[in-house]
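What follows is one structure encoded as structure tokens, with my remarks underneath.
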Amino acid sequence: MKQLIAVGLFMALITSCNQGPTRYTQSSPEIDTIKQLFANYDNKAYDTSMYADTSKTHYNSSKAMTAAEAMEYHKQADANYSSRGFKSDNQDFEMVLTDEGETWVNCWLEWNGTLAANGKEIEVPVHVTYQFVDGKIVREYGYWDPSEIVLTLQQIAAEAEKAEEESEE
């Protein structure tokens, strides 16, 4: 009987030690890569070395961009702001290993920017998720509500057009 109990305890010990890979974490090399990516964005250092050559990026759209096109998207948007970046507080990052063995990093952040044309400050909550393969980003999906920015830029353009028409009269 003692041998049966000993064998049972030994088997329980072996199976409890063999739990497999971590499925969820808030600290990983992939999360560090994403934090560096955001630091690069804040510093306007557009580096694509974190992306695989075949990566696809989607921002509020099903239309895919390459990493280089995504960096160009950010550069063009910068013309609208006197300052912009992600707030250092209220940032959440998690890495998840899916049932299919895919590695994803999810981020919830707050972006803020000051429009160059009128000095209006805008804050936007942002969710971005990244899939990694062999340490490189292969897919990126970014979601945020750009309505306040778009409406304000349209209003600025309409006011400028009206002023120009009035000056021609």
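The values are calculated or read from the model by the stated rules, or taken from the named source; none is laboratory data. Computed from a prediction, not measured in an experiment: that's the story for all the values here. With ideal geometry, Cβ positions are generated from the backbone for all residues, glycine too; neighbour counts draw on all protein chains shown. Quick note on the areas: whole protein, heavy atoms, side chains included, nothing else; ligands and nucleic acids left out. Shrake-Rupley method; radii C 1.70, N 1.55, O 1.52, S 1.80 Å.
Structure values in brief
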read-out	value
Test: residue in segment 36-51 that is among the aliphatic types (A, V, I, L, M), at pLDDT below 95, open to solvent by 60 Å² or more (accessible area, probe 1.4 Å) and within 24 Å of Trp144 (Cα to Cα)	no
Enumeration of residues in segment 124-146 that are exposed (fewer than 14 other Cβ atoms within 10 Å of the Cβ) and either modelled with pLDDT of 95 or more or farther than 19 Å from Asp78 by Cα (or both)	Pro125, His127, Val133, Asp134, Gly135, Tyr143, Asp145
Qualifying residues in segment 16-35 (those that are open to solvent by 100 Å² or more (accessible area, probe 1.4 Å) and in a loop (DSSP other than H, G, I, E, B)) - the one modelled with the lowest pLDDT	Asn18
Ser49 vs. criteria under 15 Å from Glu30 (Cα atoms) and either among the small types (Gly, Ala, Ser) or out of contact with any Phe, Trp or Tyr (no Cβ under 7 Å at 6 or more places or on another chain) (or both)	yes
Matching residues in segment 105-123 - criterion: being open to solvent by 20 Å² or more (accessible area, probe 1.4 Å) and under 8 Å from the mean Cα position of the chain (by Cα)	Asn106, Trp108
Pair list, Cβ < 9 Å and 6+ apart or interchain, from segment 150-169 residues that are small (Gly, Ala, Ser) to residues that are open to solvent by less than 90 Å² (accessible area, probe 1.4 Å)	Ala157/Ala117; Ala160/Ala117
Val126 vs. criteria on the phi < 0 side of the Ramachandran plot, part of a strand (DSSP E or B), of a type in the set (A, V, I, L, M, F, W, C) and without any contact (Cβ under 8 Å) to a residue 60 or more places away in the chain	yes
Gln76 closer than 17 Å to Tyr59 by Cβ, open to solvent by 80 Å² or more (accessible area, probe 1.4 Å) and without any contact (Cβ under 8 Å) to a residue 12 or more places away in the chain	yes
